[in-house]
1. Here is a check on your reading of the model: is B:THR192 farther than 30 Å from B:GLU3 by Cβ and under 13 Å from the mean Cα position of the chain (by Cα)?
2. Every residue in region A:178-192 that is within 11 Å of chain B (Cβ to nearest Cβ) and out of contact with any Gly (no Cβ under 6 Å at 6 or more places or on another chain), please.
3. Residues of region A:76-102 being within 19 Å of the chain's Cα centre (by Cα), more than 13 Å from chain B (Cβ to nearest Cβ) and closer than 30 Å to A:GLU22 by Cβ, which ones?
4. If you take the residues in region A:158-172 that are more than 8 Å from every other protein chain (Cβ to nearest Cβ) and either under 19 Å from A:LEU284 (Cα atoms) or of a type outside the set (A, V, I, L, M) (or both), which one is surrounded by the most Cβ atoms within 10 Å (Cβ to Cβ)?
5. Test B:PRO175 against the stated conditions and say whether it is open to solvent by 50 Å² or more (accessible area, probe 1.4 Å) and touching a residue at least 60 places away in the same chain (Cβ under 8 Å).
6. Mind listing just one residue for me: the one in region A:44-75 that is open to solvent by 10 Å² or more (accessible area, probe 1.4 Å), of a type outside the set (Asp, Glu) and away from chain B (no Cβ under 14 Å) and, of those, nearest to A:PRO102 (Cα to Cα)?
7. Can you tell me which condition B:GLY280 does not meet? The list is (1) open to solvent by 50 Å² or more (accessible area, probe 1.4 Å); (2) assigned by TED's automatic domain parsing to the domain that holds B:GLY59, and all the others hold.
8. So, in region B:146-157, how many residues would count as being farther than 13 Å from B:ALA112 by Cα and either more than 10 Å from every other protein chain (Cβ to nearest Cβ) or among the hydrophobic types (A, V, I, L, M, F, W, C) (or both)?
Number of protein chains: 2
Amino acid sequence: MSEGLLGGIEAGGTKFVLTVGESPTRVHAAHTIPTREPSQTLAEAREWFEGQGNLSAIGIASFGPVELDPASPKWGHILKTPKPHWSDCDLAGYFQQAFSVPVGFETDVNGAALAEYHLGAGRGASSLTYVTVGTGIGGGTIVDGRLVHGAGHPELGHIYPRRVPGDDEFPGFCPFHGDCLEGLACGPAIHTRWGSTLSELPEDHEAHELVAGYLAQMCHSIYASMATEIIVLGGGVIKTPGLLDRIVNRAEELGAGYFPRRQNHKILPPALGDRAGLTGTLLLAEAALRGEQS
Amino acid sequence: MSEGLLGGIEAGGTKFVLTVGESPTRVHAAHTIPTREPSQTLAEAREWFEGQGNLSAIGIASFGPVELDPASPKWGHILKTPKPHWSDCDLAGYFQQAFSVPVGFETDVNGAALAEYHLGAGRGASSLTYVTVGTGIGGGTIVDGRLVHGAGHPELGHIYPRRVPGDDEFPGFCPFHGDCLEGLACGPAIHTRWGSTLSELPEDHEAHELVAGYLAQMCHSIYASMATEIIVLGGGVIKTPGLLDRIVNRAEELGAGYFPRRQNHKILPPALGDRAGLTGTLLLAEAALRGEQS
């Protein structure tokens with residue numbers, strides 16, 4: 001083992017959360033900076049880490065789309081994104097060069113999935129899907145200890161749920177797909193449609209059942225596709241009182257008692273709460289230090 | 001290596017396909033028997049294998065639902081099935097006892113997925129989903145060489161596609177879910193609805209676009225959930241001339257150019273054709289002989 005601390009970066013579209021720790025569970029410090037243009041943001045992050053002492057490795061969990069293929073010359077880059085200036089940003093390369101340490105790189109949700117699988121709601125399970133429902137909807141899956149990558153990486157928010165009968169007017173919010181899941185049920189979609197957050201709407205407002213219905217379809221599709229043992233639902237929208245229970249109940253109805261061993265399947269809140277992402281970056285750093293891909 | 005041949009059993013709801021070979025690609029003989037009651041069917045299979053010489057291992061790929069958890073006392077059993085007499089049948093145990101050899105056991109589609117991944121359309125790919133569209137719809141996925149099991153096993157046919165606009169009258173065919181994917185697009189659903197197979201309907205019959213639209217949604221969901229590099233579509237319905245191209249085109253439209261590295265993703269027919277299932281059973285036997293789970 002090298003001397004020094006593990007560094008972690010949660011690279012989000014509105015903020016970067018930086019952290020250092022002795023291990024994924026022993027965090028020394030954390031610091032949040034706003035996401036501005038890449039050169040400024042990365043320099044600010046670098047400066048903060050430089051004040052924290054020696055680093056042995058860095059883990060980055062980033063907003064996407066990102067390049068995860070270690071064989072690609074674009075590994076560690078953000079790919080074409082609507083976010084101005086960030087397309088083609090070499091996030092991993094910047095920190096590799098700045099600190100000359102191994103860097104682990106993943107999607108934001110894959111980082112959180114790692115944390116919940118190893119240290120949170122998924123401990124002991126064979127597979128886990130972590131979904132965040134916030135400014136967007138995204139999901140990452142671990143099967144038998146390994147993150148599912150595939151040709152690129154999952155973009156779970158962009159499945160098309162069936163519209164709830166009678167709910168046909170709102171065209172949806174996604175610039176690519178209109179009324180895909182993200183277009184119907186992410187935070188900004190809810191705000192655009194009803195003018196407030198879901199938590200602010202009265203308990204008997206139709207929004208609760210509609211959003212729960214769309215997210216339950218997602219859980220049903222995840223289970224039908226992968227039989228995922230544990231689905232962890234995180235992100236701001238999921239904090240709406242009562243929402244998780246509604247989703248669990250609707251998903252149960254959609255399954256109609258059909259699925260084998262459904263009793264082993266659970267839909268849960270993140271055991272690590274808001275620390276899932278941050279913990280995941282330190283797990284990525286630890287894996288990079290061991291020379292592993294997660 | 002033990003002396004003797006590998007044996008394979010594709011256990012289907014209407015027929016059992018039995019095979020023996022030196023290796024998954026060197027098949028000596030194959031034989032089909034109708035699926036009757038368990039005791040009769042299994043005895044017939046045993047008798048055929050006894051006439052083929054010494055067996056070193058047997059691989060079984062079965063209709064489901066099945067128990068795949070090696071830690072369960074019900075491993076190798078068919079679980080509760082609407083098919084009369086087959087619930088709780090100890091398929092793997094019967095052949096383990098009859099031949100005193102290692103037995104590998106999987107779902108039918110997982111067996112075919114193994115074959116296409118190792119020896120067919122998925123060679124060199126990081127992940128593959130094999131889907132059969134026939135008397136039912138089912139799918140199995142391999143990621144980085146390992147089959148995805150989860151809490152039970154995937155039941156991909158039972159996702160709910162969005163109804164194509166205007167196509168609201170047919171209630172669907174699935175006894176559990178009505179108009180889930182299998183309820184709308186499997187062979188018997190097509191026959192119930194239009195009175196013939198899809199191949200028999202004229203090229204410009206609406207059925208082609210409807211079925212393609214529903215199966216394209218499945219491909220879209222698979223890609224959004226798992227970013228699967230190769231989707232192999234097999235089964236009788238897929239043999240309809242022109243159907244695969246329609247599915248590929250509709251799936252491309254649904255993606256709307258959004259997904260990262262979509263160019264690495266392909267939707268293909270089985271490279272092994274109708275031999276995918278049979279080849280898979282011999283791969284399962286080979287893995288059992290090595291003492292591995294697939």
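The values are calculated or read from the model by the stated rules, or taken from the named source; none is laboratory data. None of the values given here were measured: they were computed from a predicted structure. In this analysis, Cβ positions are derived from the backbone assuming ideal geometry, glycine residues included, and neighbour counts consider all displayed protein chains. These area figures cover heavy atoms from the full protein model, side chains too; ligands, DNA and RNA do not enter into them. Shrake-Rupley method; radii C 1.70, N 1.55, O 1.52, S 1.80 Å.
1. So B:THR192 does not fit the description; no.
2. Residues of region A:178-192 that are within 11 Å of chain B (Cβ to nearest Cβ), as a first pass: A:178-182.
The one that is within 11 Å of chain B (Cβ to nearest Cβ) and out of contact with any Gly (no Cβ under 6 Å at 6 or more places or on another chain): A:CYS180.
3. A:GLY76, A:LEU91, A:ALA92
4. Among them, the one singled out is A:GLY172.
5. When the stated conditions are applied, B:PRO175 passes them.
6. If we take residues in region A:44-75 being open to solvent by 10 Å² or more (accessible area, probe 1.4 Å), of a type outside the set (Asp, Glu) and away from chain B (no Cβ under 14 Å), then A:LEU55 is nearest to A:PRO102 (Cα to Cα).
7. (1)
8. The qualifying residues number 3.
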